[in-house]
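Have a look at the structure below before the remarks.
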Amino acid sequence: MLTEESFFQAVYTVTRAIPYGRVTTYGAIARCMGSPGASRMVGWALNNCHTLDDFIPAHRVVNRHGLLTGKHHFRHSGLMQELLESEDIKVINDCVVDFEERFWDPCSNLI
DNA sequence: CAGTTGACACCGT
DNA sequence: AACGGTGCCAACT
């Protein structure tokens, strides 16, 4: 896992590995890669995710506050919340409810 | 090769 | 407690 691949690719790998009904943060992914300071890189990687043919559940990735900062980058604003609610994740005011409970550490479950 | 960007995280006020 | 400014790393132009 994320050994030969670039950080860039690792982000996609980890993001796709996020289980149904779970969410994670940019920092967690970056930290999992071994670069805790590359949180911005994660966002940038996801920015290019829509250029790929593979579907990336980027709606499950939020900032450390549980805020849906990237919803504006989706095809339709609000789609991100729709997807989250479809996964039994409550979203109020662009913020994931019980975010800490829904939080899923990629490194702990991916190893 | 060097500068700029990027959907953040952390510290200070 | 909330808001603003600074710092990080890697990829893109």
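Rule-based calculations on the coordinates, nothing more; no lab input. Please read these numbers as outputs of a predicted model, since none were measured by experiment. Note that each Cβ is placed from the backbone with ideal geometry, even for glycine, and that neighbours are counted across all protein chains shown.
Just want the ordering: A:Glu87, A:Glu101, from fewest to most Cβ atoms lying within 10 Å of their own Cβ.
Working: A:Glu87 15, A:Glu101 9.
Ordered by Cβ neighbours within 10 Å, fewest first: A:Glu101, A:Glu87.
The ranking of A:Leu52, A:Leu67, A:Leu79, A:Leu84 from fewest to most other beta carbons within 10 Å of each one's beta carbon is A:Leu52, A:Leu79, A:Leu67, A:Leu84.
Net charge near A:Tyr26, counting Lys/Arg +1 and Asp/Glu -1 over other residues with Cβ under 9 Å of its Cβ?
Residues close to A:Tyr26 contribute a combined charge of +2.
Chain A gives an Rg/Rh value of 0.93, both radii derived from C-alpha positions and Rh following Kirkwood.
Would you mind ranking A:Met80, A:Met41 by Cβ crowding within 10 Å, fewest neighbours first? Let's see the in-between values first.
Values: A:Met80 24, A:Met41 18.
Arranged by neighbour count, lowest to highest, A:Met80, A:Met41 become A:Met41, A:Met80.
What FRET efficiency would be calculated for the residue pair A:Ser6, A:Asp98, taking the C-beta separation as r and a Förster radius of 35 Å, to the nearest 0.05?
0.55
Given their separation in residues at 0.36 nm each and the Cα-Cα distance between them, A:Glu85 and A:Ser35 gain 14.9 nm when the chain is fully extended. For A:Ala58, neighbours were defined as the other residues whose beta-carbon sits under 12 Å from its Cβ, and their charges (Lys and Arg +1, Asp and Glu -1) total +3. The GNM of chain A, with springs linking C-alpha atoms under 10 angstrom apart, assigns the highest mean-square fluctuation among A:Arg40, A:Arg22, A:Arg31 to A:Arg40.
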